[in-house]
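*Asks:* Shown below is the structure under consideration.
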Amino acid sequence: MARIKIPRKSTAIDMTAMCDVAFLLLTFFILTAKLKQEDPLQVDTPGATTKQLFPDLDVATVTVGRGKIFFGMEGQDIRKETLTAMGTKYNVTFTPDELQKFALLPTFGVPMNQMKQFINLNQDDRKKFAQIGIPVDTTNTSELFNWIHEARVADASLRQKALRFAIKGDSHQEYPEVKKVIDIFQKQAINKFSLITSLKTK
Amino acid sequence: MAELDTSGGGKHKGGKIRSKKASTRIDLTAMVDLAFLLITFFIMATTLAKPKAMDTFWPDKTKKDVQLPVPESRTMTVLLGSNDQIEWFVGAPGKSAPTKDNFGKNGIRKALIENSKQIEATHAGKDNFMIVLVKAGSKSTYKNFVTMLDEINITGIKSYGVVDINPAEVALLKKDGLD
């Protein structure tokens, strides 16, 4: 009597296709991931329950922490245009090379009289440079007021959009310093702006 | 299939010595595991690290004539003091002693909900909601301010405003050592 033979199948699977797909996806995610840029002013954002995401485009951020105020804009073209406008206001002329270097800076906190020197530093020296923050007072001629104003003008002319503003404050920063920034916003009739927070549960 | 051929070439009984024919198949399981692990990491890192934004709306200060009259009995004033402490009172300052409170579920959130209910019960008409005035003292931190706005969002207060603190209220905070 012949026994029925059960064919033994191999349990191994060809992984080649799976491996291809996995690495394709991996490449995609690595390339689309936005590199986390190091902030020159480290701030610990307060927690809140808002779940709304912070937009990436057409936004300028005022960072407040340790009594200093830093300013940053998104978009290289806007950064260049804003710096050119600020240069004409403060009688500083920037070369195209300097404008290009500035366009790569996400945030900065130097007054205009140190700006040229700051831009021409190399990356390592720039990290060591003690940035004292952007000068601010209650008048309509302070540097922060002008930065905000010129950034809005640049965004309106280049993108035809209204620039959005956000305050990124440190949890331990005392309120009066933040109030100065809010006052400047209100003086320019920026009545809608965001406060950057990190997510926390109720 | 899908593994390295590790078997020997067999015995050579006389004859020619044949070179081993190694399989070209490699076990890719570990590599796939690693790739998916990295994919998971990148997916998590890109979406979770995004900061959140709390939108705030402020009155237009460039126009002078937009001050709305606010009935005092419907207002609750919250003063932010030092050391994460709060004082709040309903109505005009000085009429009733302020209540000292702190942040958290049983602190200001409870006060907001209770006062809101009470004001809605004691006032008639359509506009009987409570108006919260947030006034930050000079020693309060940005975190206090954001937490306060967040508590207002959580409790669903319809109407609130951020107002400059006045000397009478600074005095109230000073009395309790919060400014």
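The values are calculated or read from the model by the stated rules, or taken from the named source; none is laboratory data. What you see is a predicted model; the values in this text were computed from it and never measured. Neighbour counts run over all protein chains shown; Cβ positions are idealised from the backbone, glycine included.
*Asks:* With surrounded by 14 or more Cβ atoms within 10 Å (Cβ to Cβ), farther than 28 Å from A:LYS180 by Cα and either of a type outside the set (Val, Ile, Thr) or at pLDDT 85 or above (or both) as the only criterion, which of B:ALA111, B:ALA97, B:ALA136, B:ALA124 stands out?
*Replies:* So the residue among B:ALA111, B:ALA97, B:ALA136, B:ALA124 that is surrounded by 14 or more Cβ atoms within 10 Å (Cβ to Cβ), farther than 28 Å from A:LYS180 by Cα and either of a type outside the set (Val, Ile, Thr) or at pLDDT 85 or above (or both) is B:ALA111.
*Asks:* Does A:ILE196 qualify as being at the interface with another protein chain (Cβ under 10 Å from one of its Cβ atoms), surrounded by 12 or more Cβ atoms within 10 Å (Cβ to Cβ) and touching a residue at least 12 places away in the same chain (Cβ under 8 Å)?
*Replies:* The answer is yes for A:ILE196.
*Asks:* Right, A:ASP58: closer than 30 Å to B:PHE103 by Cα, within 14 Å of chain B (Cβ to nearest Cβ) and among the acidic types (Asp, Glu) or not?
*Replies:* The answer is no for A:ASP58.
*Asks:* In the range B:147-179, which residue that is part of a helix (DSSP H, G or I), touching a Phe, Trp or Tyr at 6+ places or on another chain (Cβ under 9 Å) and of a type in the set (Val, Ile, Thr) is surrounded by the fewest Cβ atoms within 10 Å (Cβ to Cβ)?
*Replies:* B:ILE152
*Asks:* Give the residues of the range B:66-87 that are surrounded by fewer than 21 Cβ atoms within 10 Å (Cβ to Cβ) and hydrophobic (A, V, I, L, M, F, W, C), sorted by residue number.
*Replies:* If the condition is that a residue be surrounded by fewer than 21 Cβ atoms within 10 Å (Cβ to Cβ) and hydrophobic (A, V, I, L, M, F, W, C), then B:VAL66, B:LEU68, B:VAL70 are the ones that fit.
The rows are residues; the columns are (1) within 14 Å of chain A (Cβ to nearest Cβ); (2) farther than 30 Å from A:THR11 by Cβ; (3) assigned to a helix (DSSP H, G or I); (4) in contact (Cβ under 8 Å) with a residue 24 or more places away in the chain.
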site	(1), (2), (3), (4)
B:MET54	yes, yes, no, yes
B:ASP101	no, yes, no, no
B:GLY125	no, yes, no, no
B:ASN128	no, yes, no, yes
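*Asks:* Among the numbered conditions (1) surrounded by fewer than 22 Cβ atoms within 10 Å (Cβ to Cβ); (2) facing another protein chain (nearest Cβ under 8 Å); (3) touching a residue at least 40 places away in the same chain (Cβ under 8 Å); (4) outside any strand (DSSP E or B), tell me where A:PRO176 comes up short.
*Replies:* Against the list (1) surrounded by fewer than 22 Cβ atoms within 10 Å (Cβ to Cβ); (2) facing another protein chain (nearest Cβ under 8 Å); (3) touching a residue at least 40 places away in the same chain (Cβ under 8 Å); (4) outside any strand (DSSP E or B), A:PRO176 comes up short only on (3).
*Asks:* Further, regarding this structure: Going by the structure shown, is A:THR63 without any contact (Cβ under 8 Å) to a residue 24 or more places away in the chain, under 21 Å from A:ARG152 (Cα atoms) and polar (S, T, N, Q)?
*Replies:* no
*Asks:* Give the residue, chosen from A:LYS80, A:LYS89, A:LYS5, that is away from every other protein chain (no Cβ under 11 Å), surrounded by 19 or more Cβ atoms within 10 Å (Cβ to Cβ) and not hydroxyl-bearing (Ser, Thr, Tyr).
*Replies:* Checking each option against the conditions leaves just A:LYS80.
*Asks:* Regarding the range A:156-169, can at least one residue be identified that is within 14 Å of chain B (Cβ to nearest Cβ), of a type in the set (Gly, Ala, Ser), touching a Leu at 6+ places or on another chain (Cβ under 8 Å) and within 23 Å of A:ALA189 (Cβ to Cβ)?
*Replies:* yes
*Asks:* Just give me the residues in the range A:179-193 being of a type outside the set (A, V, I, L, M) and either within 18 Å of A:THR138 (Cβ to Cβ) or more than 9 Å from chain B (Cβ to nearest Cβ) (or both), in sequence order.
*Replies:* A:LYS179, A:LYS180, A:ASP183, A:PHE185, A:GLN186, A:LYS187, A:GLN188
*Asks:* For the range B:22-32, enumerate the residues that are at pLDDT 80 or above and either more than 9 Å from chain A (Cβ to nearest Cβ) or outside any helix (DSSP H, G or I) (or both).
*Replies:* Listed by number, the residues that qualify are B:ASP27, B:LEU28, B:ALA30.
*Asks:* Could you list, in sequence order, all residues of the range A:36-51 that are touching a residue at least 12 places away in the same chain (Cβ under 8 Å), within 10 Å of chain B (Cβ to nearest Cβ) and either surrounded by fewer than 19 Cβ atoms within 10 Å (Cβ to Cβ) or not in a loop (DSSP other than H, G, I, E, B) (or both)?
*Replies:* Within the range A:36-51, A:ASP44, A:GLY47, A:ALA48, A:THR49, A:LYS51 qualify.
*Asks:* On to the next question. So which residues in the range A:143-173 are assigned to a loop (DSSP other than H, G, I, E, B) and surrounded by fewer than 19 Cβ atoms within 10 Å (Cβ to Cβ)?
*Replies:* A:GLN160, A:LYS161, A:ALA162, A:SER171, A:HIS172
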